[in-house]
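These notes concern the structure reproduced below.
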Amino acid sequence: MDMKKISALVIDDNSEVLTLFKTLFFSEGIACDTAHNGHEGLEKLGQNRYDIVFLDLIMPDVDGETLLGIIHRKFPGLHVVVMSVQDDDGVINEIMALGAKAYLVKPSSTAAILDCVRNVERHKTADEVRADLLNARPQESAGK
């Protein structure tokens, strides 16, 4: 799986953060969509397919923790990376226990952000290999 085939959604109430992600992902050839709040993010998740979601923890309408739970229930297996200025082990452990694949402390380096995307790429590749192996198994005859 090529990173250029990855589709990302960034949900953050800070327009500057959204612009930074769009610029970074555009330069890497990664498809990127943005949402300015949790409600808009859920709407876009219901309409489009994404491989990874970058989710701000602190937002005014729906907080990231609540949104993470909704995403985990409605879109199981979707890679969600939570982002926040909160660098607290208790918060990070709680978010990871809720199903986040990663937690980035803002501001995050472009390398850390792209590593999250590469992790999706590796995971998808493993899933594709597993699917290929399952599909390649000879079918047993019905008579056995």
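The values are calculated or read from the model by the stated rules, or taken from the named source; none is laboratory data. Values in this document were obtained by computation on a predicted structure and should not be read as measured data. Cβ: placed from backbone, ideal geometry, glycine included. Neighbour counts: every protein chain shown.
State the number of residues belonging to the stretch 7-52 that are part of a helix (DSSP H, G or I) and not charged (D, E, K, R).
18
Determine which single condition Leu24 fails, assuming it passes every other condition in (1) more than 15 Å from Ile11 (Cβ to Cβ); (2) without any contact (Cβ under 8 Å) to a residue 40 or more places away in the chain; (3) of a type in the set (A, V, I, L, M).
(2)
Among the residues of the stretch 1-11, is there at least one that is surrounded by fewer than 20 Cβ atoms within 10 Å (Cβ to Cβ) and under 14 Å from Leu78 (Cβ atoms)?
yes
Within the stretch 80-99, work out how many residues are in contact with a helix residue (DSSP H, G or I) (Cβ under 6 Å, 6 or more places away or on another chain) and at pLDDT below 95.
2
Could you tell me whether the stretch 25-42 includes any residue that is within 15 Å of the chain's Cα centre (by Cα), of a type in the set (Phe, Trp, Tyr) and at pLDDT 95 or above?
Checked the stretch 25-42: at least one residue is within 15 Å of the chain's Cα centre (by Cα), of a type in the set (Phe, Trp, Tyr) and at pLDDT 95 or above.
Inside the stretch 37-60, can you point out the residues that are surrounded by fewer than 17 Cβ atoms within 10 Å (Cβ to Cβ) and either of a type outside the set (Lys, Arg) or touching a Leu at 6+ places or on another chain (Cβ under 9 Å) (or both)?
Once the filter is applied, which keeps residues that are surrounded by fewer than 17 Cβ atoms within 10 Å (Cβ to Cβ) and either of a type outside the set (Lys, Arg) or touching a Leu at 6+ places or on another chain (Cβ under 9 Å) (or both), the stretch 37-60 yields His39, Glu40, Glu43, Lys44, Gly46, Gln47, Asn48, Ile58, Pro60.
With Glu16, Glu40 as the choices, which residue is more than 17 Å from Asn119 (Cβ to Cβ), free of Cβ contacts under 8 Å to residues at least 12 places away in the same chain and acidic (Asp, Glu)?
Sole residue among the options that is more than 17 Å from Asn119 (Cβ to Cβ), free of Cβ contacts under 8 Å to residues at least 12 places away in the same chain and acidic (Asp, Glu): Glu16.
Which count do you get for residues in the stretch 81-116 that are surrounded by 13 or more Cβ atoms within 10 Å (Cβ to Cβ), within 16 Å of Val17 (Cβ to Cβ) and among the β-branched types (Val, Ile, Thr)?
Looking only at that region, the number is 5.
How many residues are over 14 Å from the mean Cα position of the chain (by Cα), within 16 Å of Ala8 (Cβ to Cβ) and not in a helix (DSSP H, G or I) if we restrict to the stretch 55-114?
Going through the stretch 55-114 one residue at a time, the tally reaches 1.
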